[in-house]
């Protein structure tokens, strides 16, 4: 049964370490989707890519993300921002969700076109590794800058801005499954209430990940082999959600987030290094 996973392991890596990395990647996804913090999810794909190449990591992760999104939408079904009232200077999910998703669809199309352009090329694996690693490093740097008290210019409200942010999120998500911090920073900057923000993110990423499916299937990023690997890892998603709730109650968010960002930065740096050498 484990052959569905071990077939992706590169030569020279310990099977025990590869399996550990895969398990941790899925647990991190469950932790992030449980509401502990959207930013920590950026560790999942680079961690998985330590065990398997970036292309297969994208394909294996997408069904897992969709399963986690379904759980998140159900968990936060009472926080749907579409019907929530807003205060002065605040935005609701109804204001932003549609333009963000329209932009997200455009970003997905553009990124899928990039994947198609390099489909079958010898440089595809290196390109994806460099992209995923670089995106993770950039987002970690931005988040740490904010945590350290740095001021990032406020993103102006409005439909055009939402379209642009959605397009960026769609492109980053297609190439790296790492758009969580992009949307979290944007929605926080719109002074959205916490419950509305969590509910909006859950719906947004559920829809966004569904929109990525056709392109992944058409390009063979998802195939029978990756689906079997995903099926083996799916039972870990609820375990990660339970772990996230446990950590949320017992571990201060600041230290936990810093540890996760350090892991994401290390994994991202390793991917960039491997792509360049």
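FYI, it's all coordinate maths here, none of it is from the lab. What you are looking at is a predicted structure, and each value in this text was computed from that prediction instead of being measured. All Cβ positions, even for glycine, are placed from backbone atoms using ideal geometry, and neighbour counts span all protein chains on display.
Neighbouring Cβ atoms within 10 Å as the yardstick, rank 203, 31, 140, 251 fewest first.
On the way: 203 21, 31 28, 140 24, 251 13.
Result, fewest neighbours first: 251, 203, 140, 31.
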key: Inter-label distance for residue 207 and residue 98, nm, one decimal - labels placed 7 Å from Cα along Cα-to-Cβ   = 0.9
request  = Would you mind ranking 52, 13 by Cβ crowding within 10 Å, fewest neighbours first?
outcome  = 13, 52
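Given a Förster radius of 35 Å and the C-beta distance between residue 147 and residue 70 as r, what FRET efficiency does 1/(1 + (r/R0)^6) yield to the nearest 0.05?
Values: r = 30 Å, r/R0 = 0.86.
Calculated value: 0.70.
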task = Please give, to one decimal in nm, the separation of the simple spin-label points placed at residue 138 and residue 234, each 7 Å out from Cα toward the Cβ.
result = 3.3
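Which ordering of 116, 212, 270 is given by a fewest-first count of other beta-carbon atoms within 10 Å? Walk me through the intermediate numbers first.
Values: 116 12, 212 23, 270 16.
Arranged by neighbour count, lowest to highest, 116, 212, 270 become 116, 270, 212.
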